[in-house]
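The structure appears right after this line, and notes come after that.
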Amino acid sequence: MNNTKQRNYNPLIWILSFVIVGVIVGTYFLPKSNDGTVLGIQLTVLPLMNAIFNTFTFLFLIGALAAIMKKNIKLHRRFIIAAFTTTFLFCITYLTYHSMAESTSYGGEGFLMYLYYFVLITHIFLAAAIVPLALITLGRGLNMQVEKHRKIARWTMPLWLYVSFTGVLVYIMIAPYY
C-alpha cells in the first residue's frame, strides 16, 4: 500500500494545459516588432536559445530514461525536474520571440521543404499534446502512483523526446532564413 499523501493535481494540470496552449496561440495575434529588435536587442537570438533549451530538455530526458532503467528513482526525478525547468525556460523565450517578431518563412525547396513542413507540423501538434501528458505523468510520479505513472510515461517519454528533438531540428532547418 502506498503511504504517500495523494494530491489531486488534475485541476492544476488542465488549467495549466489550456493556459499554456492558449497563450502560445495568442502570441500570434499580438503586434510585432518592425525592425526585429526590442529595446535594441536582436530577437533572432531567441530561437537559438529555444534550440539550446530543447537540446538540454532532450538530454535530461535521456538521463531520466537511463536512470529509471537502472531503477534510480531519485536521479530520475532530478532529471525530470531539470527537463521541466528547461522546458519552462524554452516557453519563456518562445513566447517572447513569437509575441514580438514576425514569423520566419522556410526558404528551401524540394524534398527538404516537404521534410521541414512534416517535421514542423508533427512537432506543433505533439508539442500541444505533450503539455497535459507531461503534467499528468509528473503528477502521477509525484504521488508515487507507480503503475499509472508507468502506463502513461510509456507514451509521454517518446513523445516528449520527439518534440524536444524536432524543436532543435526545426531550428537547424530554418536558421539560415532568419
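Using C-alpha pairs under 8 Å with a sequence gap of at least 6, the mean separation divided by the residue count of the chain gives a relative contact order of 33 percent.
Computed over the chain, the per-residue total of -39500 (n - 2.57) for DSSP H runs of n ≥ 4 gives a 222 nm mean residue ellipticity of -26500 deg cm²/dmol, rounded to 500. Extension gain for the segment Leu12 to Lys148, taken as residue separation times 0.36 nm less the Cα-Cα distance, is 47.1 nm to one decimal.
Given N residues in the range 40-177, what is its alpha carbon radius of gyration divided by 2.2 N^0.38 Å?
So the Cα radius of gyration is 1.13 times the expected 2.2 N^0.38 Å.
None of the figures in this text is laboratory data; all of them are computed from the coordinates on show. Note that this is a predicted model, so its numbers are computed, not measured.
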